[in-house]
1. Give the span of region 125-231's Cα atoms along each principal axis, as three whole-Å numbers ordered largest to smallest.
2. Once a ≥ b ≥ c are taken as the square roots of the eigenvalues of the Cα gyration tensor of region 319-396, is the result rounded (a/c under 1.5), prolate (a/b larger than b/c) or oblate (a/b not larger than b/c)?
3. For region 164-177, just list the computed ³J(HN,Hα) in residue order, Karplus coefficients 6.51, -1.76 and 1.60, θ = phi - 60°, integers in Hz, with x standing in for Gly and Pro.
4. Label region 693-754 by shape, choosing from rounded, prolate and oblate, from the square roots a ≥ b ≥ c of the eigenvalues of the Cα gyration tensor; if a/c is under 1.5 it is rounded, and otherwise prolate applies when a/b is larger than b/c, oblate when it is not.
5. I'd like the orientation of helix 721-731 relative to the chain: the angle between its Cα long axis and the longest Cα principal axis, in ° from 0 to 90, rounded to 10.
6. Identify all lysines with a Cα-Cα distance to residue 561 below 26 Å; exclude those on the same chain that are fewer than 8 residues away in sequence.
7. Over the chain, give the accessible area per residue in Å² for a 1.4 Å probe, as an integer.
8. How large, in percent, is the carbon and sulfur part of the accessible surface of region 122-277 at a probe radius of 1.4 Å?
Amino acid sequence: MTTNKTSGTNSSLPMMPLRDLVVFPHMLVPLFVGRGKSVLALEEAMLKDRVIILASQQQAQIDDPAPQDVFSIGVRAQILQVLKAPDNTIKVLVEGLERVRITHYVTTEKFFTVEFESLAQKTQVGPTLIAMMRSVRELFEQYSRLNKKITADTVNALSAIEDPGRLADIISSHMPSKVEEKQKLLEALEPASRLEILSALLSTEIEILEIERRIQGRVRKQMESTQKEYYLHEQIKAIRRELGQKDDESETEELTQKIKAAKMPAEAHEKAIKELSRLERMQPLSPEAAVIRTYLDWLLALPWNLRTREKLDVRDVAHVLDKDHYGLRKVKDRILEYLSVRKLAPKMKGPILCLVGPPGVGKTSLARSVAKALSRNFVRISLGGVRDEAEVRGHRRTYIGALPGRIVQALKTAKTKNPVILLDEIDKIGSDFRGDPAAALLEVLDPEQNTTFADHYLDVNFDLSEIMFIATANVIYNLHPTLRDRMEVIEIPGYTLEEKTQIADRYLVPHQLTEHGLTRDDLVVPKKIIEKLISGYTSEAGVRNLNREISAIMRKIARLKVERKMRKSRVLTEMDLSKFLGAQKIVRRKRERSNLIGVSTGLAWTEVGGELLAIEVTLMPGKGQLTLTGKLGDVMKESAQAALSYARAHARDFKLPLDFYTQTDIHIHVPEGAIPKDGPSAGIAMATAIISALTNVPVQKSVAMTGEITLRGRVLAIGGLKEKLLAAVRAGITTVILPQANGKDLDELPVEVKRALKIHLVEDMAQVLTLALVEKPIPKKVKKTNKSVKVHADQHLPQTPLLS
């Protein structure tokens, strides 16, 4: 392709600046002229062969532009027609002739007179230009099919144009682009550049028009659907009137009657009437009308003044609770105390209890039994994994698909104002960017605030003070501190073997027999077999897995009965357990078989009950390095360091070289290595194992211990006492060393635990070593004694340390 550029000699003509318009060569365009300078420039051009220079303003809002406000490239145009309107504006029809560049402004006072040079070009068309012209024509044809303003004659006329520059200019004049984009096309002097820019603009416009067409199609379809629904709805109304059925007016009257009958508080009644009046003024099929109907349905579904009549007979309630659950005396007493006070003071607010205990101890079923005993309706709200505050308070009605929170939904389900609502797994609540549900529960669980609970969806207050809230949790430390302060925490520890046996015999076995279509005549389960089942096939604080295993046995028995392979009555045996459930699943950790050096037995607490914790210490030649293994947490590592520091501080008392730690490496291991462990209660067990290894004195195999150690050797209190002692009994431990501060907790121990264990209360590490080691390498200030105490079920523990 070759291009020859011919520039005309400089000459002067009047110039008229244009606003929001770019005129191209070969373009016919009408102009409305009203500005004074533009009118004078037009009159001057009429005297000079009706030719004028047209250039666009850079900013359309300027009424009196200066030379720097006008683009330097414009067109020389021929004035074809001039019409003067009555309002002194002039309509001019002009045709662009060629591109020009303004080189100099001759006059600027009355109107613009400029010198210019012609930018007309003669272009030789090559294959590249032909391809570009063909592409632009095809794009413009596609554009014209989408833009109905482009006539077929215009498209046909383009097919006869062979000059690429003229083709680009004519197509550019039909583009709805911005002034800046059109000016860019005007200033593109090379036809190839002009066609390339034009191709990009056409592609963009085609994409925009296709999107607009799709949107218009959807809108048109929706409007047709709405009109069709309206027409059909009017027909249905006419048919209903003919049949004597209710129409929208009847619906409004029905809602009005329901609002009156609901006996809402003044605030809620006013809100309902207001929304109903809005509904009357709306089209029945409008989306907003559906939102209001849903809102009114929720208001009317709530039990504003509906209550169940409580059963306040304390003896009857106690009988129901004892019938449904074995043990759990603390919780039952608290419920009976509440009923007693409620009988004397009827306006007392409902208690907010939090039952904390391991899985399977009956927290959820106990709440259901409480509702049954009180003759109240029961609703369970599962809070595990809830992370959105709106789950509690509801969504505002501005959101699509908004609903009330779970509290209001529970009230609708309960259909009464005074149900028992169970907040299950309250310790599993989370929080994220959507808010903190625990913080939203503060208002719900505060008796001073929940009389005016405001759900975001309802936007009116509801009195929650008559509800009895019972929350459940596995661990107390996961609870939000402020939320914990709102509730009365009742801890439910794990069951003993005797308690599990009684629960299985009284409740689980009869229930599973009934569930599987069996009777006592079909199967008898002796208590010894239940004990074997508990100890050999379950390892838990509760009875959930025990119930599962009993269910598995019942399924086997049911099949044998159906297949007629069983006698009429069968007594379950140990052989049946192996046959039905397989080999024994649980191998209990037992106490050590012999007295070992550097090995002590600690007691640990887990969410599913207590466990024995073996502490192993070995010594190696080295440089005093302390190695800790067994996946220990930070607190447990610090306990080990404190125990070692105690041993070093009392090296002289234990007849150890004062610099023993500089020549000996100490390795402490707590199996099993894959299980994470943490907490301070293994402190005295670690210290005992370390001192045993250093002094070469064995630890008594029948002794287990738990307690936190300080650098001075003081023994501090621990938690999870019942679970730990149950684990000691299961493992065959006969002697347990506990902190003196835990003496107050011993009264709550089950009878069988007190009967099986010899419990010693200690205040410092010297007493621990006296009891735990076979020989006594103890500090000189501690006297040896041969006293020991056996704790019986009917005997109280003395408050002074017991030494063996």
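1. Projected onto its principal axes, the Cα set of region 125-231 covers 62, 28, 19 Å.
2. oblate
3. The phi angles translate into x, x, 5, 4, 5, 5, 5, 5, 4, 5, 9, 8, x, 7 Hz.
4. Oblate, since a/c reaches 1.5 and b/c is not below a/b.
5. 60
6. Within the straight-line limit of under 26 Å, residue 561 reaches these lysines: 527, 528, 532, 579.
7. 51
8. Carbon plus sulfur share of accessible area: 51 percent.
The values are calculated or read from the model by the stated rules, or taken from the named source; none is laboratory data. The model shown is predicted, which means the values in this text are computed figures rather than measured ones. Positions of Cβ are generated from backbone atoms using ideal geometry, with glycine treated the same way; all protein chains shown enter the neighbour counts. Surface accessibility is based on the protein's heavy atoms, side chains included, excluding ligands, DNA and RNA. Shrake-Rupley method; radii C 1.70, N 1.55, O 1.52, S 1.80 Å.
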